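A.B. asks: Take this structure, written in structure tokens, and hold onto it; I'll ask about it next.
The values are calculated or read from the model by the stated rules, or taken from the named source; none is laboratory data. Keep in mind that this is a model prediction, so the values were computed, not measured. Ideal geometry is used to build each Cβ from the backbone, glycine not excepted, and the neighbour counts take in all protein chains shown. Ligands, DNA and RNA are stripped out before the accessible areas are found, and what is left, the full protein with its side chains, is counted by its heavy atoms. Shrake-Rupley method; radii C 1.70, N 1.55, O 1.52, S 1.80 Å.
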Amino acid sequence: MWKPGRRDFLKTGAAFTTLIFTGRLRGANDRLTAGFIGVGVMGSENLGVALEHDVEVKAVCDVYQLHLEKAGALVARTGQKAKEVRDFREILADKSIDLVCISTPDHWHPYMTVEACKAGKDVYVEKPVCVAIDDGLKMVEAARKYNRVVQAGTWQRSGEHFQKACEMVRSGETGKVAFTRTWIYSNEPQEGIGNPPDGAPPAGLDWEMWLGPSPERPFNPNRFGVYPKAYSYFRWFWDYAGGHITDSGVHMLDILQMAFDEAMPKAVTAIGGKLWFKDDRETPDTLQVTYEYPGFVGSWEHRCNNTDATTSRLMGLTFYGSRGTLYVDRALYRVTPEKGSDLPASQMMRVADPHPLHWTNFLQCVKTRQRPNSDIEKCFRSSATCLLGNIAYRSNLRIEWDEQTKTVLQKDAEKYWRRDSRSPWKVEV
């Protein structure tokens, strides 16, 4: 299966050392200290980039022993020694740690982020930032209340060609944009992830802690799905995530909203279903979402049985302007003028991997106390936009977003934008 990751980028990452004040005094040669919570595939990538930036890793945490040991070994290869812990609360209680990176499954992001802010730590949290809109709002509230720098993992914002593409739209170079389209396509075997029975968790996994705030469930290999050679199947279950739109769509819709000064949609409709896979996943494998923004219409679509042989990229974003069409993906942006337009054709290739640049931005903001490229409020808005698409799909309603109150106007959809967390994991600012 094609994975929209960052392995296709040329790896870069210079060392980053400086004197930074985040609540404790240190000598001029001291480094930022960090704890990493969740060190599976994405957590290990973040850990590797942070080590390239000369961050001192004091601790790594995971509820799966296999991941924990691999992360400890990764840190050890740099000459450091990180404490390996199974309970993230040990990291939050450690006053010698300046910042935490949270790369757990999505359902854990709100609680851990809010508690880290309360503990006086700055945070790098993976996207999407939440599974329910009300929890995301609390994350923003906590960052502001406790004056924390919180960077979300929508790292495309740190890419030069994405920034340039957004600048072209904002400046009006492409003319009036009335429609935009975002998408991801794949063509996968119809058996998908299969239908394994419930059973005992693998050795070294604390299943109860993995579930955390989500509903109690028996262990199932697909619900866990965090294996070395798998693209984390938990993404396809409503308890823990939101499917393709919150996993991949958040990246492209994030850039769309970046181009329009963080606009949120006013209304959302969606149709789709599980039309291809014969496995036990819950989220739709085929989905089309239409967003009514102020002044334009946006869309998201995904399918899993066709890549469209005429399409050179499997995930992207297109702005359709009166002077020309601007296409952007993780490798380039390309401008195609409308017939008779004086807009010149142009193209810009990616010049550096935005993931390390995203960490550079985060660490600089920890020093300056400025808000980072993917400040929690920005990524909350992008995450909420994706969640609104799922709410429209699951409720079969036209969903209206009230920007002033930050709520969904349709009361019948309330159960989808709020969630009750299991004790003792209620998110409280």
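A.B. asks: Within region 299-314, work out how many residues are out of contact with any helix residue (DSSP H, G or I) (no Cβ under 6 Å at 6 or more places or on another chain) and either in contact (Cβ under 8 Å) with a residue 60 or more places away in the chain or aliphatic (A, V, I, L, M) (or both). Write out each step before concluding.
C.D. replies: In the first step, residues of region 299-314 are kept if they are out of contact with any helix residue (DSSP H, G or I) (no Cβ under 6 Å at 6 or more places or on another chain); the result is 299, 301, 303-314.
Those left that are additionally either in contact (Cβ under 8 Å) with a residue 60 or more places away in the chain or aliphatic (A, V, I, L, M) (or both): 299, 301, 303-309, 311, 314.
Residues flagged as out of contact with any helix residue (DSSP H, G or I) (no Cβ under 6 Å at 6 or more places or on another chain) and either in contact (Cβ under 8 Å) with a residue 60 or more places away in the chain or aliphatic (A, V, I, L, M) (or both) within region 299-314 amount to 11.
A.B. asks: Mind listing whichever residues of region 40-79 are open to solvent by 10 Å² or more (accessible area, probe 1.4 Å), touching an Asp or Glu at 6+ places or on another chain (Cβ under 8 Å) and aliphatic (A, V, I, L, M)?
C.D. replies: Passing the criteria: 42, 63.
A.B. asks: For region 270-295, name all the residues that are within 13 Å of residue 177 (Cβ to Cβ) and open to solvent by 10 Å² or more (accessible area, probe 1.4 Å).
C.D. replies: 294, 295 - these are the residues of region 270-295 that are within 13 Å of residue 177 (Cβ to Cβ) and open to solvent by 10 Å² or more (accessible area, probe 1.4 Å).
A.B. asks: Let me ask something additional. Select from region 245-269 the residues that are in contact with a Cys (Cβ under 8 Å, 6 or more places away or on another chain) and open to solvent by less than 20 Å² (accessible area, probe 1.4 Å) and list them in ascending order. Let's see the steps before the verdict.
C.D. replies: Taking region 245-269 and keeping what is in contact with a Cys (Cβ under 8 Å, 6 or more places away or on another chain), we get 245-246, 249-250, 253-255, 258-259.
Matches in region 245-269: 245, 246, 249, 250, 253, 254, 255, 259.
A.B. asks: Just for region 116-132: of the residues that are closer than 21 Å to residue 389 by Cα and out of contact with any strand residue (DSSP E or B) (no Cβ under 9 Å at 6 or more places or on another chain), which one is surrounded by the most Cβ atoms within 10 Å (Cβ to Cβ)?
C.D. replies: Our first condition is that a residue be closer than 21 Å to residue 389 by Cα; within region 116-132, this holds for 126-132.
Pick out the ones that are also out of contact with any strand residue (DSSP E or B) (no Cβ under 9 Å at 6 or more places or on another chain) and you get 130-132.
Values: 130: 28, 131: 25, 132: 22.
Here the residue is 130.
A.B. asks: A further question follows. Kindly provide the set of residues from region 54-70 that are in contact with a helix residue (DSSP H, G or I) (Cβ under 6 Å, 6 or more places away or on another chain) and either at pLDDT below 95 or farther than 11 Å from residue 35 by Cβ (or both), ordered by number. Lay out the reasoning, then the answer.
C.D. replies: Our first condition is that a residue be in contact with a helix residue (DSSP H, G or I) (Cβ under 6 Å, 6 or more places away or on another chain); within region 54-70, this holds for 57, 59-63.
Selection gives 62, 63.
A.B. asks: Something else: With respect to residue 417, is the statement that it is at pLDDT below 95 and open to solvent by less than 60 Å² (accessible area, probe 1.4 Å) true? Steps first, answer last, please.
C.D. replies: Working: at pLDDT below 95: yes; open to solvent by less than 60 Å² (accessible area, probe 1.4 Å): yes.
In short, yes.
A.B. asks: Give the residues of region 318-349 that are assigned to a loop (DSSP other than H, G, I, E, B) and among the polar types (S, T, N, Q), sorted by residue number.
C.D. replies: At the first step, the residues of region 318-349 found to be assigned to a loop (DSSP other than H, G, I, E, B) are 322-323, 329-331, 338-345.
Passing the criteria: 322, 341.
Results for (1) within 30 Å of residue 132 (Cβ to Cβ); (2) in contact with a strand residue (DSSP E or B) (Cβ under 7 Å, 6 or more places away or on another chain); (3) hydrophobic (A, V, I, L, M, F, W, C); (4) free of Cβ contacts under 8 Å to residues at least 24 places away in the same chain, shown as yes or no for each residue.
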| site | (1), (2), (3), (4) |
| --- | --- |
| 158 | yes, no, no, no |
| 167 | no, no, no, yes |
| 177 | no, yes, yes, no |
| 227 | yes, no, no, yes |
